[in-house]
1. Checking D357 against (1) in contact with a helix residue (DSSP H, G or I) (Cβ under 8 Å, 6 or more places away or on another chain); (2) closer than 19 Å to D233 by Cα; (3) charged (D, E, K, R); (4) modelled with pLDDT of 95 or more, which single condition isn't satisfied?
2. Return only the number of the condition from (1) open to solvent by 30 Å² or more (accessible area, probe 1.4 Å); (2) touching a helix residue (DSSP H, G or I) at 6+ places or on another chain (Cβ under 7 Å); (3) under 21 Å from Q10 (Cα atoms); (4) part of a helix (DSSP H, G or I) that F169 does not satisfy.
3. So V255 fits all but one of (1) out of contact with any helix residue (DSSP H, G or I) (no Cβ under 8 Å at 6 or more places or on another chain); (2) surrounded by 17 or more Cβ atoms within 10 Å (Cβ to Cβ); (3) without any contact (Cβ under 8 Å) to a residue 40 or more places away in the chain; what number is the exception?
4. When you scan the stretch 308-321, do you find a residue that is surrounded by fewer than 23 Cβ atoms within 10 Å (Cβ to Cβ), in contact with a helix residue (DSSP H, G or I) (Cβ under 9 Å, 6 or more places away or on another chain) and touching a residue at least 60 places away in the same chain (Cβ under 8 Å), even just one?
5. Determine whether the stretch 334-347 contains at least one residue that is within 24 Å of T162 (Cβ to Cβ), out of contact with any His (no Cβ under 8 Å at 6 or more places or on another chain) and open to solvent by 60 Å² or more (accessible area, probe 1.4 Å).
6. Being free of Cβ contacts under 8 Å to residues at least 12 places away in the same chain and of a type in the set (D, E, K, R) is the filter; apply it to the stretch 132-164 and report the residue that is surrounded by the most Cβ atoms within 10 Å (Cβ to Cβ).
7. Any chance the stretch 206-227 includes a residue that's open to solvent by less than 50 Å² (accessible area, probe 1.4 Å), assigned to a strand (DSSP E or B) and in contact with a strand residue (DSSP E or B) (Cβ under 8 Å, 6 or more places away or on another chain)?
8. Among the candidates K175, K190, which residue alone is basic (K, R), modelled with pLDDT of 95 or more and assigned to a loop (DSSP other than H, G, I, E, B)?
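The values are calculated or read from the model by the stated rules, or taken from the named source; none is laboratory data. Please read all numbers here as calculations on a predicted model, not as lab measurements. Counting neighbours? That spans all protein chains shown, and the Cβs are built from the backbone with ideal geometry, glycine included. Calculation scope for accessible area: heavy atoms of the full protein, side chains included, ligands and nucleic acids excluded. Shrake-Rupley method; radii C 1.70, N 1.55, O 1.52, S 1.80 Å.
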Amino acid sequence: MKIALFFSFQTSISTWKNNGTLDKELQIFKILNEKYGFKYKFFTYDYDFEALDSIYDFIEIVGINSKYKFSNYKIIKFLSSFFIPFKYRSHLKNIDLIQQNQLNGSWVSIIAKLIYKKPLFIRTGFDLYLFSINSNKNFLKRIFFKILTWLGLKTSNLYSVTSNCDYDFLINSFKFDSQKLVIIPNWVPKIKLQDYSKRFANKIISVGRLEKQKNYAKLITEFKNSELEFEIDIYGSGSQQNYLKQLAQKNKVKVNFLGNIENNMLIAILQNYKFYITSAIYEGNPKSVLEALASGCVVIASDIDNHKEIIQNGINGFIVPSTKNYFEEFVEISNKNNLDKISSNAASNIFKTNSIDLISKKYYENLINLI
């Protein structure tokens, strides 16, 4: 099967490379090629010709910006993108399937589908419209994402979400053929676990963008005056970094802001920690939490539906009620005598539902029916 995969608008392979996720993102495509013979043309919004090494010879890079010069003005850049499918007739006429990676930018894939009469698969890792509501985007952006979601659901042959929460939201918010909507969760790699007893006892790890969504301010504030007892290592970057550093100093919390690293390094690092904490106020199917569970961390997570979908409180992790204090809950949990069992459950449960082999098979079974 030959697949034309369009990246999210203004996103490229270089974006993945810069945030440390390139090798991880490509693993699923590598397995789909090795097991099922899938071949890809990646339409990315950068040159990207040197971004992949020779082991990905089943991927052809089509760098949109190398042929299509965008204006620096956002509105003109957006309007110009509607003409992209017309520029690449030679690349698109012989493919079997068009795939859109994330909803943002899907107007390009939708137009390509209509022009070249190819089946369209829209894959979302989170619901863009729901996120725009949760993050209180301005009214016009929320309307735009709502219309874009409706168009995607109407025109695609298959539309995937990663969680039951997103599935239910779309079913309850839009009228469309529900048979085309499927749940394909995010995947985790194969991991050889380290002994839980040999992990850090007084260090906690958290992974995520330093933005309001992740709610690090609440976490830091509630760990007030704990710097002599515990350290929090945070991997990620974002606009709140300076604010959070100052907040940690003010509240006497030892927080190490460690930036972005390669995902394979992060997986290895996760196994050095007994505890992973996330205080996010909304999520999709959070990759970092899935990876923490797969790495055998005891995950302590905020009380939101998307966390409760993957964590059974007291079985494979812990959910912190919104009325509770993170530090108090952490101290109580860290003194439990069954944490090695929680760790084991976390890894075994997540591999039953999110292993890369299982998820790649789901992709194959769904996509093969489209052609």
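1. Condition (2) is where D357 drops out.
2. (3)
3. Exception for V255: condition (1).
4. So far as the stretch 308-321 goes, yes, one or more of its residues are surrounded by fewer than 23 Cβ atoms within 10 Å (Cβ to Cβ), in contact with a helix residue (DSSP H, G or I) (Cβ under 9 Å, 6 or more places away or on another chain) and touching a residue at least 60 places away in the same chain (Cβ under 8 Å).
5. no
6. K137
7. The answer is yes, given that some residue of the stretch 206-227 is open to solvent by less than 50 Å² (accessible area, probe 1.4 Å), assigned to a strand (DSSP E or B) and in contact with a strand residue (DSSP E or B) (Cβ under 8 Å, 6 or more places away or on another chain).
8. When all the criteria are applied, what remains is K175.
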